[in-house]
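This is the structure I have questions about; it appears just below.
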Amino acid sequence: MNALDQAVDKLKGAHILVAGEVGIDEYIWGDTRRISPEAPVPVVEVESQSYNLGLAANVAQNIVSLGAQTTLVSVCGMDSDGEKLQKMIADAGIRKSVFIGDPSRPTLRKVRVIAQKQHVVRVDYERCHVLDAKLAKQFTESICDLLPSSDGVIVQDYGKGLWNADTMSFVRQARDHRKPVFVDPSQSTPLTLYKGVTLLTPNVAEAETLTGFRHEPSKIAGRDDERLTRMAKRILEKTECEHALITCGAAGMITLGKNESALQRIPTFAREVFDVTGAGDTVVSVLAMAMVCEMPLAECMRLANAAAGIVVGKIGTASVTPEELRAELKRLADLGLIS
């Protein structure tokens, strides 16, 4: 077994606690041949529908798909979609989950209409407001109760009102238990809320907003090492995290540690991009698994980049299998792109 195969197999030893908003990604697939006589919009003739796990549930699915263990903690609506979502989670092999029912909000559902492989429109069923104090306490206590049995925690923040000073207070206990906390942040959340976590994984646009930098075209912003360094340093300063990692799309990803002065960049090798939905979920899930398995950070980033390259080649939220990841790593090694 070569080093690349060994790296993929190591991931199976991880147990990651995933906390954050969950939802259903619904896809309506069809064809369009005409414009509606009622308005200048295409008429989509529906051919099929499919349902995938979305948001933090997709992160958990990425983890189990690669053979590791996960526990999912979230809040969802007390409705038929909530029941459907919990069944989908069980069917996906996510064996342990804790849900706090919130009657004030519907279960999140994103409906995407796809015609001839083109994304026509998205319809979101959601209600965003700060979590009730009683529910926040239950949510936080659930995370703290599960900390001892996990190797690390992924915080998925989609800016829907779930994360605030009360719910993020678990970080102190995580540090006491020496459990790393990995954050996929929301650009609408102040950086100071993430104080004390281990690693943040914003994309370039999110990093710009979080750090107060003016937005630049992604092709420029993702390759400007001097600017990325300043953004990463600001993330480190505001959060006191150990590593700031910024995903840069076609330019790969960069990271800067709190005791480092130079960026570390890992290029990306996606063959063809069909859909970037959920790529960030894949990145944070693979990074967390690899890091709790004590792999070098550069190796963690290469694994995460390879996994994300597979996902963006699929349409819709998707996960990666060990076989797919091994094959992609072998392809990159055969091309001399990684060692």
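The values are calculated or read from the model by the stated rules, or taken from the named source; none is laboratory data. For clarity, every value in this text was computed on a predicted model and none was experimentally measured. Virtual Cβ from ideal backbone geometry, glycine too; neighbours counted across all protein chains shown.
Within segment 106-152, track down each residue that is closer than 28 Å to MET291 by Cα and touching a Phe, Trp or Tyr at 6+ places or on another chain (Cβ under 7 Å). Give the derivation first.
From segment 106-152, those closer than 28 Å to MET291 by Cα are 139-152; that's our starting set.
Passing the criteria: THR140, ILE143, CYS144, GLY152.
Anything in segment 111-134 that is under 29 Å from GLU47 (Cα atoms), assigned to a loop (DSSP other than H, G, I, E, B) and either charged (D, E, K, R) or without any contact (Cβ under 8 Å) to a residue 12 or more places away in the chain (or both)? List them, or say none. First the steps, then the outcome.
Taking segment 111-134 and keeping what is under 29 Å from GLU47 (Cα atoms), we get 111-126.
Subsequent filtering for residues that are assigned to a loop (DSSP other than H, G, I, E, B) retains 116-117, 126.
Correct list: LYS117, GLU126.
Please work out which residue is nearest to the chain's Cα centre (by Cα), limiting yourself to segment 277-310 and to residues that are modelled with pLDDT under 95 and of a type in the set (S, T, N, Q).
Restricting to residues being modelled with pLDDT under 95 and of a type in the set (S, T, N, Q), the top hit is THR282.
Check MET253, MET231 and return the single one that is at pLDDT below 95, closer than 15 Å to GLU206 by Cα and aliphatic (A, V, I, L, M).
Working: MET231 fails: at pLDDT below 95.
Result of the check over MET253, MET231: MET253.
Taking the conditions exactly as written (modelled with pLDDT of 95 or more, among the aliphatic types (A, V, I, L, M) and either under 28 Å from GLU83 (Cα atoms) or surrounded by 19 or more Cβ atoms within 10 Å (Cβ to Cβ) (or both)), does VAL181 satisfy them or not? Step through it out loud before you land on a result.
On the way: modelled with pLDDT of 95 or more: yes; among the aliphatic types (A, V, I, L, M): yes; either under 28 Å from GLU83 (Cα atoms) or surrounded by 19 or more Cβ atoms within 10 Å (Cβ to Cβ) (or both): yes.
For VAL181, the condition - modelled with pLDDT of 95 or more, among the aliphatic types (A, V, I, L, M) and either under 28 Å from GLU83 (Cα atoms) or surrounded by 19 or more Cβ atoms within 10 Å (Cβ to Cβ) (or both) - is met.
So, one more: Quick one: which of ARG223, ARG127 is at pLDDT below 95, surrounded by fewer than 19 Cβ atoms within 10 Å (Cβ to Cβ) and closer than 29 Å to ALA251 by Cβ? Break it down into steps so the answer makes sense when it comes.
Working: ARG127 fails: closer than 29 Å to ALA251 by Cβ.
So the residue among ARG223, ARG127 that is at pLDDT below 95, surrounded by fewer than 19 Cβ atoms within 10 Å (Cβ to Cβ) and closer than 29 Å to ALA251 by Cβ is ARG223.
Okay, residues lined up against (1) of a type in the set (Asp, Glu); (2) in a helix (DSSP H, G or I); (3) touching a strand residue (DSSP E or B) at 6+ places or on another chain (Cβ under 7 Å):
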{"residue": "GLU216", "(1), (2), (3)": "yes, no, no"}
{"residue": "THR229", "(1), (2), (3)": "no, yes, yes"}
{"residue": "ARG234", "(1), (2), (3)": "no, yes, no"}
{"residue": "CYS241", "(1), (2), (3)": "no, no, yes"}
{"residue": "SER261", "(1), (2), (3)": "no, no, no"}
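Condition test on SER97, is it polar (S, T, N, Q) and over 23 Å from LEU147 (Cβ atoms)? Spell out how you get there, then give the answer.
Values: polar (S, T, N, Q): yes; over 23 Å from LEU147 (Cβ atoms): no.
The answer is no for SER97.
Another question, then. I'd like the full set of residues that are surrounded by fewer than 20 Cβ atoms within 10 Å (Cβ to Cβ) and either among the basic types (Lys, Arg) or in contact with a strand residue (DSSP E or B) (Cβ under 9 Å, 6 or more places away or on another chain) (or both), limited to segment 83-96. It would help to see each step written out before you state the result.
Here is the first cut: in segment 83-96, the residues surrounded by fewer than 20 Cβ atoms within 10 Å (Cβ to Cβ) are 83-84, 86-88, 90-93, 95-96.
Passing the criteria: LYS84, GLN86, LYS87, MET88, ALA90, ALA92, ARG95, LYS96.
Follow-up question, since we're still on this one. Return a yes/no flag: does segment 161-177 have any residue that is touching a Gly at 6+ places or on another chain (Cβ under 9 Å) and among the hydroxyl-bearing types (Ser, Thr, Tyr).
no
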